[in-house]
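Colleague: Dropping a structure here in structure tokens format, bear with me for questions.
Laboratory data are not the source of any read-out in this text; all were calculated from the coordinates shown. Just so we're clear, the structure is a prediction, and the values are computed from it rather than from any experiment. When we count neighbours, we look across all protein chains shown, and the Cβ atoms used for this are built from the backbone with ideal geometry, even at glycine.
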Amino acid sequence: MKDLKEPLRREMRARLRIEAASLKSRSEAICEQLQKARFWEASRTVGLFCPLPEEPDLLALMAEKHRRFTFPRIAGDRLVWHEVSDPRTLQPSKTDGLRRLYEPEEGIPVPLGEIDLLLVPGLAFTLAGRRLGRGGGYYDRVLAEAGAGTKRMGVCFAFQVLEALPLEKHDLPVQKVFHA
């Protein structure tokens, strides 16, 4: 299965480089879609991520001060979530090979069960919520551990939505995919 996933990851990374000029406006459109979704108003604790240059930038959502925002930090083979009020406090990861990721160095830990809305990045999705990640399995483990009360939404650019993806047993879907 990995034989099928790696070429697709390379293809999606190449496409992201080609589309780089449009990613900012597409990110803004994704933020607008999320804010119009029925679940948004009820979400009090939101799991965000500090975007890599080729991921949707959802940090503008933090302008809404009546919500608590959490960001993941790598701890071994897991993601742990910390409350963050200012994304400028995020620091490069100390995990070898993942220095491009920015994560909280400190902050109030937030149990995954307290997150109402989890926004999940990926290299590709299907409209049915299937996801192709970057290969580390971090979000697969989060999706497996998230409780029924956590809404799990994928976010990507429209050209990252595919008809089908190669899947393995541990690949869990998100409930919906927001894209622009």
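Colleague: Among Leu61, Leu132, Leu98, Leu118, what is the fewest-to-most ranking by other Cβ atoms within 10 Å?
Modeller: If I rank by nearby Cβ atoms, fewest first, I get Leu98, Leu61, Leu132, Leu118.
Colleague: Something else: Let me know the charge dipole size of the range 2-179 about its Cα centre in debye, to the nearest 20, where only the beta-carbon of Lys, Arg (+1) and Asp, Glu (-1) is charged. Could you put the intermediate results ahead of the total?
Modeller: Values: 29 positive and 25 negative charges, 49 e Å.
I would put it at about 240 debye.
Colleague: Give me the net charge of Arg26's neighbourhood, meaning all other residues with Cβ under 13 Å from the Cβ of Arg26; Lys, Arg count +1, Asp, Glu -1.
Modeller: Numbers: positive: Arg15, Lys24; negative: Glu19, Glu28, Glu32, Glu54, Glu55, Asp57.
Overall, the nearby charge balance is -4.
Colleague: If you take every residue apart from Glu64 with its C-beta less than 12 Å away from the C-beta of Glu64, what net charge results, scoring Lys and Arg +1 and Asp and Glu -1? Show your work: numbers first, answer last.
Modeller: Numbers: positive: Arg44, Lys65, Arg67, Arg68; negative: Glu41.
Residues near Glu64 contribute +3 overall.
Colleague: Could you please report the charge total around Val110, scoring K, R as +1 and D, E as -1 over all other residues with beta-carbon less than 10 angstrom from its beta-carbon?
Modeller: Numbers: positive: Arg68; negative: Glu83, Glu114.
Charge balance near Val110 sits at -1.
Colleague: Sticking with this one: Dipole of the range 44-125, Cα-centred, from +1 at each Lys and Arg C-beta and -1 at each Asp and Glu C-beta, to the nearest 20 debye? Spell out each step's value before the answer.
Modeller: Numbers: 10 positive and 13 negative charges, 19 e Å.
Computed charge dipole of the range 44-125: roughly 100 debye.
Colleague: Moving to a separate point now. Contact order normalised by length for the range 2-179, with contacts defined as Cα pairs under 8 Å and 6 or more residues apart; what percent is it?
Modeller: Details: 323 pairs, mean separation 37.8, N = 178.
Relative CO of the range 2-179 lands at 21 percent.
Colleague: What is the set of long-range amide H partners of Lys176 at a cut-off below 5 Å, with H atoms built 1.01 Å from backbone N?
Modeller: Answer set, sorted by chain and number: Gly154.
Colleague: Under a 5 Å amide H to amide H cut-off, with H placed in plane at 1.01 Å, what residues pair with Gln91 once short-range neighbours are removed?
Modeller: Glu103, Glu105
Colleague: May I pose another question? Sort out for me the Cα centre separation of the range 149-175 from the range 24-88, rounded to whole Å.
Modeller: Going from one Cα centre to the other spans 17 Å.
Colleague: Determine the calculated [θ] at 222 nm for the chain from helices alone, applying -39500 (n - 2.57) to every DSSP H run no shorter than 4 residues and normalising by the residue count; nearest 500 deg cm²/dmol. Before the final figure, lay out the partial values.
Modeller: Values: 3 runs with 39 residues, N = 180.
Per the formula, -7000 deg cm²/dmol.
Colleague: Here is a further query. So which of Lys24/Lys65; Lys65/Lys151; Lys94/Lys169 end up more than 27 Å apart by C-alpha? All intermediate terms of the calculation are to be shown ahead of the outcome.
Modeller: Numbers: Lys24/Lys65 22 Å; Lys65/Lys151 20 Å; Lys94/Lys169 30 Å.
Violating the 27 Å limit, Cα to Cα: Lys94/Lys169.
Colleague: Just to check I understand the Karplus step: with θ = phi - 60° and J = 6.51 cos²θ - 1.76 cosθ + 1.60, what whole-Hz values come out for the range 33-44, glycine and proline as x?
Modeller: Once θ is set to phi - 60°, the couplings for the range 33-44 become 4, 4, 5, 8, 5, 4, 6, 4, 4, 7, 7, 9 Hz.
Colleague: Another one. Starting at the first residue of the range 167-180, write each ³J(HN,Hα) from the Karplus equation 6.51 cos²θ - 1.76 cosθ + 1.60 with θ = phi - 60°, in whole Hz, x for Gly and Pro.
Modeller: 10, 10, 4, 7, 6, 9, x, 8, 7, 7, 10, 9, 8, 8
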